[in-house]
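Just below is one structure, and these are the notes that go with it.
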Amino acid sequence: MLKINNLHVKLEEEDKQILKGVDLEVPAGKVHAIMGPNGSGKSTLSYVLSGRDGYEVTAGDATLDGEELLDMEPEERAAAGLFLAFQYPVEIPGVGNMTFLRTAVNAQRKARGEEEMSAADFLKFVRAKAKDLKIDADMLKRPVNVGFSGGEKKRNEILQMAMLEPKMCILDETDSGLDVDAMKLVSEGVNALRDEGRSFLVITHYQRLLDHIKPDVVHIMAAGRIVKSGGPELALEVEHNGYADILAEIDA
Amino acid sequence: MAGVDELIAKEGVEEETVEAVKSLAGAYKYGWETEIEMEYAPKGVNPDIVRLISDKNDEPEWMTEWRLEAFARWEKLDEPSWALLNYPEIDFQDQYYYARPKSMEEKPKSLDDVDPKLLETYKKLGIPLKEQMILAGVDGAEDMPAEGRKVAVDAVFDSVSVGTTFQAELKKAGVIFCSISEAIKEHPELVKKYLGSVVPVSDNYYATLNSAVFSDGSFVYIPPNTRCPMELSTYFRINAENTGQFERTLIIADKGSYVSYLEGCTAPQRDTAQLHAAVVEIIIEEDAEVKYSTVQNWYPGDENGKGGIYNFVTKRADCRGDRSKVMWTQVETGSAVTWKYPSCILRGAESQGEFYSIAITNNYQQADTGTKMVHLGRDTKSRIVSKGISAGKAQNTYRGLVSMHPKAKNSRNYTQCDSLLIGDKCGAHTVPYIEVKNNSSRVEHEATTSKVDEEQMFYCRQRGMDEEEAVALIVNGFAKEVLQALPMEFAMEAQQLVAISLEGSVG
Amino acid sequence: MSTAVKMQAALISADARPASGAWLADARADAASRLAAMGLPTRRDEYWKWTRPDSLISAVADTAEVLDYEGEEPLFSDVDRLKVVFVDGVFSAEESDALEGEGLEIERLADAAAKDIHWAKDLYGVLETRGQTPVNRPIAVHNTAMATDGVVIRVTGALSRPVSLVYRHEDANSDAILHSVIRLEDGAELTLLENGPAAARFSSVLEVDVAKGAAFHHVRAQGRDHDRQAITHVFARVDAEATFKSFTVTVNGKLTRNECVIDIVGDNAVAHIAGAALGDGAEHEFHHDDTVFITHDAVACESRQVFKKVLKNGAKGVFQGKILVKPDAQKTDGYQKSQSLLLDDDASFQAKPELEIYADDVICSHGSTTGAIDEEALFYLRSRGVPTPIATDLLVLAFLADAIEEIEDEDIAADVTGRLDAWLARRRG
């Protein structure tokens, strides 16, 4: 599904290398987690994959189902099935959440040569999905993310994910700012979307999210590279010993 | 879940909007021209032309005199230059001041006489089917059930009102809705009393010219304690080349009455600029309320700034009675040059004025628009919400006045002016004047200028929208407060216009 | 012949202008011809519609009685400073300190004028001329032609003590015209203090050139003599990484118009202008006008305008402020705040806070409010036992606080607040 090959990335406006050769492969239907200390380049990876401005790829490539990702515009990547759940979902005053969702759903359908969804079908669709995530009608009417609590914002991200049915989902620190109940709700939403044809890349600083979203593979990222990969037990090791031990082990 | 049901209606509207936007695929929608044989007065303006216009309209002597006096004043005035507008000097003698379809030479006795090409025009303008039929004079059309809400239409084609719908039904309610030329003949006592009483003959250069040469327009009188049974609407259409359009609208809302009035404007695509100088006067008596909504979509010129309408408009509402209320809502997307300041004179105690505006300029368009809130009476309130969007090489200026006179005790004003810039070749300007002469009143003014937020753009694009779609969505959000102030039909049209007007502004 | 015409006629003859060396004589002649071309201000001018220029341009200044300060120490008395004193616009050698200091070249304009060549040639009337577009400021041009004295300062390092210009007023009919030129070289720092009524009528021009990385701090207090009039202009050019900060406090004065024209020409520069004005028109007229024009012509610069006025008994306040952002001045952060507190029904405030923006990547905003004192806050204080007059003054000081906070030096800021507090207390009796 997602293949990242020797990816080197620097900041566009500064001479600062963030990613220094990331290699990663997430097969279809799998959940991979990336853990790592602050500043290791986790969020940068998610932004580069989704096409945010401000980064320059100096070497390497990334493909989604064999398609070269890095040459595409952000909306083309989205249409190709890449979804990023933002660490800090953006507020858009004046734009109703519903309008936003429908515009996005129909834009992607159009890009894939599918029929646009009628207003009635869309409404049915969104209501069903919203109910699963305990998102009430009021939240759908309010402007996108404006005045939402931290938990509401993250639930809203998962709702969008559910509506857009991407094949590759990147969750960037989805657990940040969530209490236990909210984390459970969000995780259930994600787990409900797990499917043979859909892969996840879960970026997180802490292990606790991985109690709810069980990964197949855990990668440790440090200083712009994947330094260690293993099973779910690797996350527990981090939880118990912190990053220092693992990093020391690698340096040695 | 009542909330969700509400949602359906609202979402339904927006769905249609999105579809409509897509079907329009770009170019100025109203850029066609109707080939109709026209009758012109000779080019230029002088007392003879003024007399001719008055004569063509069969006007009484007092009206002719009124016009001639205006003309004499106009000759002594200079064109104002204070607005942030830059356009080639207008040769006022190189314009036609009167044009009307030849088929109108004999005023149609019934609407059957209306030229079929005119009717084709209404269709293209999107005038509702029933109104088209009425304008076309189809037998029994008036008695047919209207689809959805009824809107009475007065259509002004170049200089002449070509037909007004639903007159009979309105008459039953005591409402007078007709062309102003008809009103001058049929209701001279009302016209004499009110014409020029809000916008005096010598108010400003363009209004004075209008007073001399206006050829037609709409007239509305709502009797006391009457809620106008339907929305009233005028469609203005400039068709003939090199022809100035000077329409005059007079609306009188008598005590305790209510009316909502809609105005739409379009013009064909032409390489040479055309002049439009209208005057709208509104008189609002005690406890009466008028809502005046405009979607101005005159031809804006092409992407190189060629052609387009020069739009110089004087609109003013006089809240004479206590507790009277006026609400101006405008969506200004058209015209090469816009010079327009719909204003409120808050004379009556506890009277209220509101101004909601969206002005979008793209390519080489220039807009200098805003409002005046003149608080004269005690406990008066005003609210200004202005959203300016500038793209391409356009210049967009908000210019406004809020004035609290010494006697306007306990009055309030709140002003919010926001400007959005799309691209680095355009300009957005804010020129507010604030004058406060008593201390029990409170004036608050806030203004911001920024560009479309990059984070918001990326978020939308990550969800699959292309740049233009994302910009249209964000801009509609930015202008939400104003769009919500419009009647439903206009809100739809306005949303489409936002998207269309901004085409080509990104990337 | 109207007074305005007389004033212009005087300028036409070179003899009428103060005697000067070649460099200054040229600048004066140039100003005289510019003024002849533009004419004096009239009420028809857009920027004079709210302030009558008549008494500022009349041939003879209106009389202003000298206020008895009853032994009150003038502001900045406690500050270690280099003091330069002018009495009714005339330099006082005995009251002034020696004009010298480390990292500092300072002399009187009258002395510099005597020389044929002077570095000040590159600034005198030069920034003023730049400041004439797009809005004419004829009284500043007049000042350039006619100024009798002033100081010329060049700073090369960080000065250990402020330069303090003290303007005393002794003659009820004095008419002073002073013009000072200040150049801060790269990385230099100067605090300039100005205080005092100066004269019955005072025309002042300050041209300030702040080079790369330099910092200029300006604190000014305009004397409390009731009938004095002042028309001041500050023209500044602010280069990259430099800081320009100016604060003015005004209490009393028949007519004050403070114009400030700031050109930000280098990237990452900062310019702040603030003012606090209090006027009571009960026994003497009070009219206060702040007219500010900030041009952003560089990338990533910040500008702030914070103006507060407290007005009562027919006192009049005017604010005309503009932020102009030129096409390539991206990442501009501009904010403008003009607020007035009207303490009774006779006071009036007129404002025109303008934005003119030709670059897209900017954050510019302004806020303006006008109204009476917050009744709820007043009631709250009274419910805690504070009598209305004291509560009102407390709220007045609170209202002025964010303008006063623009003063960089905390001691001076505290002194300004303390004196306003004392002044309010004396008026309460």
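The values are calculated or read from the model by the stated rules, or taken from the named source; none is laboratory data. All figures in this text were calculated on a predicted structure; none of them were measured in a lab. Backbone-built Cβ (ideal geometry, glycine too); neighbour counts: all protein chains shown. Calculation scope for accessible area: heavy atoms of the full protein, side chains included, ligands and nucleic acids excluded. Shrake-Rupley method; radii C 1.70, N 1.55, O 1.52, S 1.80 Å.
Here are the numbers:
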quantity: Computed [θ] at 222 nm, deg cm²/dmol, chain C (DSSP H ≥ 4; -39,500 (n - 2.57); rounded to nearest 500); calculated: -6500 deg cm²/dmol
quantity: Estimated buried accessible area (total), pair A and B, 1.4 Å, Å² to nearest 100; calculated: 3100
quantity: Among beta bridges that DSSP assigns inside the protein assembly as shown, antiparallel share in %, nearest 5; calculated: 15
quantity: Area of A:ASP179 that stays accessible when all protein chains are in place (1.4 Å probe, Å², to 10); calculated: 90
quantity: Integer Hz, Karplus 6.51/-1.76/1.60 couplings in order for region B:213-221, x for Gly and Pro; calculated: 10, 4, 9, 6, x, 10, 10, 9, 10
quantity: Euclidean distance of C-alpha centroids, region C:238-292 and region B:291-362, integer Å; calculated: 36
quantity: Percent of beta bridges antiparallel (DSSP, chain A, rounded to nearest 5); calculated: 60
quantity: Amide H contacts of B:GLY388 (H built 1.01 Å from N, under 5 Å, at least 5 apart or other chain); calculated: B:ALA359, B:ASP418, B:SER419, B:LEU420
quantity: Accessible area buried between chains B and C, both sides summed, probe 1.4 Å, in Å² to nearest 100; calculated: 2700
quantity: Region C:207-359, relative contact order in percent, only Cα pairs under 8 angstrom and at least six apart counted; calculated: 19
quantity: For A:LEU70, distant residues with modelled amide H under 5 Å away; calculated: A:ALA62
quantity: Shape call, region A:130-177: gyration tensor on alpha carbons, a/c limit 1.5; calculated: oblate
quantity: For region C:313-319, 3J(HN,Hα) per residue [Karplus equation, 6.51 cos²θ - 1.76 cosθ + 1.60, θ = phi - 60°, Hz, x = Gly/Pro]; calculated: 6, x, 5, 10, x, 9, 10
quantity: For region A:28-139: relative contact order, % (alpha-carbon pairs under 8 angstrom, 6 or more apart); calculated: 17
quantity: Estimated vicinal HN-Hα couplings, Hz - region C:202-217 in sequence order (Karplus 6.51, -1.76, 1.60; Gly, Pro = x); calculated: 10, 10, 10, 10, 10, 10, 10, 10, 9, 6, 3, x, 7, 9, 10, 10
quantity: Inter-chain shielding of B:467-480 (mean C-beta neighbours from other protein chains, 10 Å cut-off); calculated: 4
quantity: Relative contact order of chain C, pairs being alpha-carbon contacts under 8 Å that are 6 or more residues apart, as %; calculated: 11
quantity: Out-of-range pairs (alpha-carbon distance over 30 Å; input C:LYS121/C:LYS309; C:LYS49/C:LYS312; A:LYS124/A:LYS184; B:LYS387/C:LYS322); calculated: C:LYS121/C:LYS309
quantity: Carbon plus sulfur fraction of accessible area for the protein assembly as shown, probe 1.4 Å, in percent; calculated: 48
quantity: The protein assembly as shown shape via C-alpha gyration tensor axes, a/c threshold 1.5; calculated: oblate
quantity: Solvent exposure, largest accessible area first (probe 1.4 Å, DNA, RNA and ligands not counted), of C:ASP186, C:ASP62; calculated: C:ASP186, C:ASP62
quantity: Rounded to 10°, Cα long-axis angle of helix A:97-111 versus longest principal axis of chain A; calculated: 80
quantity: Mean-position separation - Cα centroids, region C:77-126 and region C:302-317, in angstrom; calculated: 31
quantity: Amide proton proximity set for C:ALA215, modelled H, under 5 Å, gap of 5+; calculated: C:ALA188, C:GLU189, C:LEU190, C:THR243
quantity: Radius of gyration and Dmax over the Cα atoms of region A:194-252, both given in Å; calculated: 12.1, 39
quantity: Accessible area in square angstrom per residue, region C:3-373, 1.4 angstrom probe; calculated: 33
quantity: Protein-protein interface of region C:369-407, residues with accessible area decrease of at least 50 Å², isolated chain reference, 1.4 Å probe; calculated: C:THR370
quantity: Other protein chain Cβ atoms within 10 Å, averaged over every residue that makes up A:101-112; calculated: 5
quantity: Candidates per trypsin sites (Lys or Arg not before Pro) in region A:84-169, loop by DSSP, up to 16 other Cβ within 10 Å; calculated: A:ARG112, A:LYS134
quantity: Global geometry of region C:3-373, whether rounded, prolate or oblate, following the gyration tensor of its Cα atoms and the 1.5 cut on a/c; calculated: rounded
quantity: For region A:205-252 and region A:64-80, distance of Cα centres in Å; calculated: 28
